[in-house]
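Take a look at the structure below.
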Amino acid sequence: QVQLVESGGGLVQAGGSLRLSCAASERPFTVGWFRQAPGKEREFVAAITRSASNTNYADSVKGRFTISRDNAKNTVYLQMDNLKPEDTAVYYCVATTGYSGASVASWAYNYWGQGTQVTVST
């Protein structure tokens, strides 16, 4: 059973930056981030494979967000730059122990964190 603990959310002005962290109790295969804004469906944000050889990003965050991992610390990071109000959402760290690709599909991930709120003001 993998446990995921997110941190780093908060309130930031548009154009600012935040770094989310996801600490895992063990080293899963792929780790990623999803987000869900009020009244909207949950959406894929980014993912990184176990060796960090492959990453995947949603089009809406490409060029602004960077996912990375430190396997020695079992921690994955999401660096979010040039934040926009539309990035406001609860961000969930996800992980899989059964799939090795950087999937955009929520069904590929069998572990989810509790979520951390990111709010971007105008």
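The values are calculated or read from the model by the stated rules, or taken from the named source; none is laboratory data. What you see is a predicted model; the values in this text were computed from it and never measured. Heads up, the Cβs are rebuilt from the backbone with ideal geometry, glycines too, and the neighbour counts pull from every protein chain shown. Surface areas here come from the heavy atoms of the whole protein model, side chains and all, with no ligands, DNA or RNA. Shrake-Rupley method; radii C 1.70, N 1.55, O 1.52, S 1.80 Å.
What the table below lists for this structure:
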| read-out | value |
| --- | --- |
| In Hz, Karplus ³J(HN,Hα) per residue of segment 105-121 (6.51, -1.76, 1.60; θ = phi - 60°; x = Gly, Pro) | 8, 5, 5, 6, 10, 9, 10, 10, x, 7, x, 9, 7, 10, 10, 10, 8 |
| Förster-model FRET efficiency, 22 Å R0, Asp70 and Ser121, C-beta, rounded to 0.05 | 0.15 |
| Those lysines that a straight Cα-Cα span of less than 22 Å connects to Lys84, excepting residues fewer than 8 apart in one chain | Lys40, Lys62 |
| FRET efficiency estimate (nearest 0.05) - Cβ-Cβ, Gln1 to Arg27, R0 22 angstrom | 0.95 |
| Projected label distance in nm at Lys84 and Ser60, using a 7 Å step from Cα toward the beta-carbon | 0.9 nm |
| Whole-Hz ³J(HN,Hα) from phi, Karplus 6.51 cos²θ - 1.76 cosθ + 1.60, for segment 69-83, glycine and proline x | 9, 10, 5, 5, 9, 6, 10, 10, 10, 10, 7, 10, 10, 6, 5 |
| Within the accessible area of the chain (1.4 Å probe), percent carbon and sulfur | 46 percent |
| Cα centroid separation, segment 16-70 to segment 83-117 (Å) | 6 Å |
| Net charge contributed by nearby residues that have their C-beta within less than 11 Å of Thr97 (K/R +1, D/E -1) | +1 |
| Environment charge of Val45, counting only residues whose C-beta is closer than 14 Å and scoring Lys/Arg +1, Asp/Glu -1 | 0 |
| Under 5 Å, built H, 5+ apart or other chain: amide partners of Ala52 | none |
| Nonlocal amide H pairs with Val45, under 5 Å, H built at 1.01 Å | Trp33, Phe34, Arg35 |
| Surface per residue (accessible, 1.4 Å probe) for the chain, Å² | 50 Å² |
| Around Val120: net Lys/Arg minus Asp/Glu count, Cβ-Cβ under 13 Å | 0 |
| Additional length obtainable on full extension of the chain from Lys40 to Gln114, 0.36 nm per residue less Cα span | 24.9 nm |
| Residue-level accessible surface for Glu43, protein heavy atoms, 1.4 Å, Å² | 80 Å² |
| Whole-Hz couplings from phi, Karplus 6.51/-1.76/1.60, listed for segment 87-92; x for Gly and Pro | 7, 4, 4, 8, 9, 10 |
| Percent of beta bridges antiparallel (DSSP, the chain, rounded to nearest 5) | 90 percent |
| Modelled FRET efficiency - R0 25 Å, Ser53 with Ala105, Cβ distances, 0.05 increments | 0.80 |
